[in-house]
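Take a look at the structure set out below.
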Amino acid sequence: MSVLVGLMLLAASCTGSNESDYRPGTTVPSTPATTVETAAVSTAVAFPVTIKAGNGPVTLEQRPSAIVSLSPTATEMLFAVGAGDQVIAVDEYSTFPAAAPVTDLSGFTPNFEAIAAHEPDLVIISNDIEDIVATLGALNIPVLLMPAVLTIDEVFTQIDQIGAATGHRTEAAELVELLAADLESIVAGLPVMDEPLTYYHELDPTFYTVTSSTFIGHVYSLLGLVNIADPADVDGFGYPQLSVEHIVSSDPDLIFVTDCCGESLESVAARPGWENISAVQTGSVVVVDDDIASRWGPRTLEFLASVAAGVAALQAGG
């Protein structure tokens with residue numbers, strides 16, 4: 001199993017079960033209320049602040065100035081809300097933005113001594129592997145657990161939470177407003193479809209994929225697309241490995257492959273039996289950015305835009 005699929009399956013184990021049901025033409029979800037409680041209010045940034053994170057209420061007595069992020073998504077959110085100068089170290093997979101101070105720290109095999117050596121006043125994680133929360137808590141290091149999400153609403157909530165935790169409430173609110181407007185624009189710009197289009201999202205060439213119960217699947221559902229993997233996921237795990245026979249017989253209108261493995265329209269078309277799939281015949285094989293597709297951060301709208309462009313191109317060609 002590839003590293004990508006392993007990380008995706010690990011993230012899946014930390015998600016909830018609520019799935020929104022947005023469709024083209026419906027109202028874009030309103031920005032959710034931030035799950036933040038302030039103990040003091042001033043004309044500047046209000047601290048202390050309590051964030052209702054995945055590990056329960058976390059109180060920060062003052063604005064953190066030495067943040068360690070062990071989550072690529074959290075890293076992107078931190079820089080997007082203007083807290084980049086407060087980040088002193090990020091994990092090995094936090095490759096965006098370029099200014100992020102990448103280290104060999106890992107959120108999947110945490111080295112607690114190495115994390116503590118940075119003397120952080122806040123650590124942000126997406127998985128509580130090896131009891132990171134309790135271990136760092138014993139060292140009086142605050143930890144925010146921000147697990148993988150299932151909906152755009154939850155993305156907006158996490159951005160608001162990071163804004164509050166870092167003293168960038170206004171910037172976070174402005175970012176959420178911008179993302180919500182972009183979402184509305186992308187959905188509104190889609191052509192009207194007589195029938196829903198079907199798709200197959202390939203995590204890697206061993207045919208691991210995602211269903212509509214995952215965040216990636218949710219993004220596709222925002223555009224009204226139907227996932228061919230849903231009927232095959234009998235256990236409801238969200239990340240099944242499909243057979244070639246299932247993919248070919250399902251005849252998806254669109255195929256999305258990530259840029260991790262060098263796949264393209266030509267390589268997909270060269271697979272035995274795939275030349276007769278509708279997506280191959282119409283050239284509707286879209287290469288999407290692996291990192292953007294697998295993270296639930298501010299760049300999710302870029303992923304959504306690339307999917308919408310594939311839909312629009314197919315509709316224009318039809």
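The values are calculated or read from the model by the stated rules, or taken from the named source; none is laboratory data. From a predicted model like this one, the values you see are computed outputs, not experimental measurements. Heads up, the Cβs are rebuilt from the backbone with ideal geometry, glycines too, and the neighbour counts pull from every protein chain shown.
A few remarks follow.
- Sole exception among (1) β-branched (V, I, T); (2) within 24 Å of P298 (Cβ to Cβ); (3) buried (at least 16 other Cβ atoms within 10 Å of the Cβ) for V133, by number: (2)
- Complete set of residues in the range 61-89 that are of a type in the set (A, V, I, L, M) and either in a helix (DSSP H, G or I) or under 16 Å from G297 (Cβ atoms) (or both): I67, L70, A74, M77, L78, A80, V81, A83, V87
- Taken as a whole, the condition of being buried (at least 16 other Cβ atoms within 10 Å of the Cβ) and free of Cβ contacts under 8 Å to residues at least 24 places away in the same chain applies to L265.
- Cβ-Cβ contacts under 9 Å between residues 6 or more apart (or on different chains), taken from a first residue in the range 90-107 that is assigned to a strand (DSSP E or B) to a second residue that is surrounded by fewer than 21 Cβ atoms within 10 Å (Cβ to Cβ) and among the polar types (S, T, N, Q), are listed as V90/T103; V102/T95.
- Applying the condition of being hydroxyl-bearing (S, T, Y) and over 20 Å from the mean Cα position of the chain (by Cα) to the range 186-235 and asking which residue is surrounded by the most Cβ atoms within 10 Å (Cβ to Cβ) yields T198.
- Among the residues of the range 236-256, those identified as part of a helix (DSSP H, G or I) and either surrounded by fewer than 21 Cβ atoms within 10 Å (Cβ to Cβ) or not assigned by TED's automatic domain parsing to the domain that holds V210 (or both) are V244, E245, H246, V248, S249, S250.
- Neighbours by Cβ (under 8 Å, 6+ apart or cross-chain): first from the range 229-240, without any contact (Cβ under 8 Å) to a residue 40 or more places away in the chain; second surrounded by 11 or more Cβ atoms within 10 Å (Cβ to Cβ) and of a type in the set (A, V, I, L, M): A229/V210; A229/L242; A232/L242; P240/A229; P240/A232
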